[in-house]
Amino acid sequence: MKPPVLIDIELIGSGDAIVDPQIMPSLAELNQADRSLVLLARRPDGWKPTRNRVDQAFKLQSDIEAMVNRGGGMLDAILYLDFSLFSRQKQRKAALIDLAARYGCEMSQMTAICRADGRITDTLAECEIPLQSVDNQHSLKQRIGQILAKAKVDK
């Protein structure tokens, strides 16, 4: 199994659309290249272990997955990272280590695409996951293209 591509969930949305239709072809190309797509998101502050609240969080995840699938891509997972007042970097790192183990790779073999600043970016940098910074969806499409081109060269 090839290492996954991690994308900050905030990069794929646009306005009222959960997933911007402009990036659908790029997400489909990841699937065609046998690269798993894992979205990274901040765990919601109101995350409570009640059935109703969990259902709301999973509904959003289900909606995103359905849109990506309709566009020809495939969402493998959404990894929610906890940045609450009492969370620790060690917990976030453990979650990323578990993710790498799931794919049978080292954290350094995964690729992450995130905004240049932010807590998710800081966490990934501390875990030595290679980062590609973007600031808009055009840049996101370009970065995905670069990852896929590099994968073809590495074959």
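Relative to the Cα centre, the charge distribution of region 98-155, modelled as +1 at Lys and Arg Cβ and -1 at Asp and Glu Cβ, gives a dipole magnitude of about 420 debye.
Could you give the dipole magnitude of the chain about its Cα centre, charging the beta-carbon of Lys and Arg +1 and that of Asp and Glu -1, in debye to the nearest 20?
Values: 21 positive and 20 negative charges, 61 e Å.
Dipole of the chain, to the nearest 20 debye: 300 debye.
So what is the 222 nm mean residue ellipticity for the chain from helices alone, if each DSSP H run of at least 4 adds -39500 (n - 2.57) and you divide by all residues, rounding to the nearest 500 deg cm²/dmol? My calculation for the chain gives -14500 deg cm²/dmol from helical runs alone. In the context of the full set of protein chains, residues of the chain present 58 Å² of accessible surface per residue (probe radius 1.4 Å, heavy atoms only). Residues considered: Ser26, Ser84, Ser133. Largest GNM mean-square fluctuation over the chain, using C-alpha springs under 10 Å, is found at Ser84.
Each pair of Cα atoms in the chain enters the Kirkwood radius, and Stokes-Einstein at 10 °C and 1.306 mPa s then converts it into a translational diffusion coefficient of 99 µm²/s.
Taking a cut-off of 18 Å, what percent of all Cα-Cα pairs in region 64-155 are separated by more than that?
On the way: 2352 of 4186 pairs.
Everything past 18 Å amounts to 56 percent.
In summary, the lysines within cross-link reach of Lys152, defined as a Cα separation below 30 angstrom excluding same-chain residues under 8 places away, comprise Lys2, Lys93, Lys141.
Across the chain, the relative contact order, built from alpha-carbon pairs under 8 Å that are at least six residues apart, equals 30 percent. With all protein chains in place and ligands, DNA and RNA left out, the 1.4 Å accessible area ranks Glu29, Glu10 as Glu10, Glu29, largest first.
Largest first, how would Arg70, Arg119, Arg92 line up by accessible area (1.4 Å probe)? If you can, show how the numbers build up before the last one.
Numbers: Arg70 180, Arg119 110, Arg92 25 Å².
Ranked from most to least accessible, the order is Arg70, Arg119, Arg92.
Using only alpha carbon pairs under 8 Å that are at least six residues apart, calculate the relative contact order of region 69-131 and give it in whole percent. All intermediate terms of the calculation are to be shown ahead of the outcome.
On the way: 42 pairs, mean separation 16.9, N = 63.
In percent, rounded to a whole number, it is 27.
Ordering Ala66, Ala101, Asn136 by Cα displacement along the dipole of the chain toward the positive end leaves Ala101 in first place; charges were set at the Cβ atoms of Lys, Arg (+1) and Asp, Glu (-1). Surface listing: Tyr103, Tyr80 arranged by accessible area from highest to lowest gives Tyr80, Tyr103, probe 1.4 Å. Rounded to two decimals, the Cα-based Rg/Rh of region 101-140, with Kirkwood Rh, is 1.02.
The values are calculated or read from the model by the stated rules, or taken from the named source; none is laboratory data. A quick note: this is a predicted structure, and the numbers were derived from the prediction, not measured. Because the Cβ atoms are built from the backbone with ideal geometry, glycine has one as well, and the counts that use them run over all protein chains shown. When the accessible area is computed, the model is the full protein with side chains, heavy atoms only, and any ligands, DNA or RNA have been set aside. Shrake-Rupley method; radii C 1.70, N 1.55, O 1.52, S 1.80 Å.
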